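A short reminder: the numbers here are calculations on the coordinates, not readings from a lab. As the structure is a computational prediction, the values presented were derived from the model and not from experiment. Cβ coordinates were reconstructed from backbone atoms using ideal geometry, including for glycine residues, and neighbour counts include every protein chain displayed.
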Amino acid sequence: MENIIIIGSGPAAHTAAIYTSRAKFDPLLFEGLMAGGVAAGGQLTTTTEVENFPGFPNGISGPELMDNIRAQSVKCGTRIKTLTVNRVDLNKKPFKVYTDEGEFAAKALIVATGATAKRLNITGEETFWQRGISACAVCDGALPIYRNKILAVIGGGDTAIEEATHLTKYASKVLLIVRRDVLRASKAMQEKAMTNKKIEMIWNSNVLEAIGDKSLSKIKVLNNKTNQEKIFEVGGLFYAVGHTPNTAFLDNQLKLDEFGYIITKPGTTDTSVCGVFACGDVQDKKYRQAITAAGSGCMAALDAEKYLSEAK
């Protein structure tokens, strides 16, 4: 019987592990084996340079940052199993966690499985992922490789416009590539895009291919009404087509919102099941930053500690 089982491998999971380890709750963490198609460490493992995480004035690579966080977690006493959690049973206590190597029981559970950025699988995507293609303008837009260049954003919703607007601080121009002839965004956000002189709308279009040498330099775009293809010179391509929260293994045993994110009680990490806590991007569709994930991991640890202390 475990006191606390943590499911996840990113900043939220390991921050929760660091705090619960130091509180002598001896947490067991399942980091997954390519869970969600991403290596242990989560989305940061696909990020080349991180310049906005406090404490690293010269920046740090995403994988190195996660290696450091994991090493700190282990040093504090976290026990880690490189196993993917296939399903859980939250209908009774202790909670059950099932993996390919058997089942485990816990008094409290922290879910920190994150969300995976949706990809478009265009030609050249794998080659230029994080070498000109990104799914987070807020994370990567300020990097030197994108400054004073023409950048492109794919999407037509509020997030796409937010990302395009953010990029105008650094880009010479931003192309907003929309597959239809209208935006899905709210009226206020549409006006924001239309009145920004640095944003150019590319309507009825789909990106077919990413082109370049060592990094992205061009994209091939198809106008889906005229069927004509055009090459645009760009220094960066940003996807703003959403994320998929990694909650399928929960089998709807926790209350989720319409997009599949875990709903937590405002101001806490409490879920719809007492004793189960959620932190990081699996419950945050707004900020999705490494630092906010880490912060919510701290919250989950403190909430779980309080729950266990009161349950004695």
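Using a 10 Å cut-off around each Cβ, can you sort T268, T84, T247 from fewest to most neighbouring Cβ atoms?
T268, T84, T247
State the cysteines of the chain left without a partner when partners are defined as other cysteines whose beta carbon lies under 4.7 Å away.
C76, C274, C279, C298
Using a 10 Å cut-off on Cβ atoms, rank the peptides 169-177, 67-75, 13-21 from the highest mean neighbour count down.
In decreasing order of mean packing, 169-177, 67-75, 13-21 become 13-21, 169-177, 67-75.
State whether the stretch 119-239 is rounded, prolate or oblate according to the following rule on the C-alpha gyration tensor (a ≥ b ≥ c being the square roots of its eigenvalues): a/c under 1.5 gives rounded; otherwise a/b larger than b/c gives prolate, and the remaining case gives oblate. Display every interim value, and only then the final one.
Values: a/c = 1.73, a/b = 1.14, b/c = 1.52.
Here the stretch 119-239 falls in the oblate category.
When only C-alpha pairs under 8 Å and at least 6 residues apart count, what is the relative contact order of the chain, in percent?
For the chain, the relative contact order is 21 percent.
Provide Rg over Rh for the stretch 1-111; use the alpha carbon set for both Rg and the Kirkwood Rh (inverse mean inverse pair distance).
1.01
Defining a contact as two alpha carbons under 8 Å apart and six or more residues distant in sequence, what relative contact order in percent does the stretch 119-239 show? All intermediate terms of the calculation are to be shown ahead of the outcome.
Details: 265 pairs, mean separation 37.5, N = 121.
Contact order relative to length: 31 percent.
When the Cα centres of the stretch 198-217 and the stretch 178-197 are compared, how far apart do they sit, in Å?
When both Cα centres are located, 18 Å separates them.
First select every other residue whose beta carbon is under 10 angstrom from the beta carbon of A106; then total the charges, Lys and Arg +1, Asp and Glu -1.
Result for the local shell: +2.
Could you estimate the translational diffusion coefficient of the stretch 1-45 from the Stokes-Einstein equation, with Rh from the Kirkwood formula over C-alpha pairs, at 37 °C and 0.692 mPa s, in whole µm²/s?
Stokes-Einstein gives a translational diffusion coefficient of 304 µm²/s.
Determine, for the stretch 9-124, the count of lysine pairs separated by eight or more sequence positions (or lying on different chains) whose alpha-carbon distance falls under 29 Å.
Going through the stretch 9-124 pair by pair, I get 16.
Take the Cα radius of gyration of the chain and divide it by 2.2 N^0.38 Å, with N its residue count; two decimals is plenty.
Working: Rg = 20.9 Å, N = 312, 2.2 N^0.38 = 19.5 Å.
This ratio for the chain stands at 1.07.
Using helices alone, what [θ] at 222 nm do you get for the chain, with -39,500 (n - 2.57) per DSSP H run of 4 or more residues, divided over all residues and rounded to the nearest 500?
-7000 deg cm²/dmol
Scanning the chain for helices, which whole DSSP H stretches are 18 Å or more long along the axis (Cα) and average 0.0 or more by Kyte-Doolittle?
Correct list, ordered by number: 290-311.
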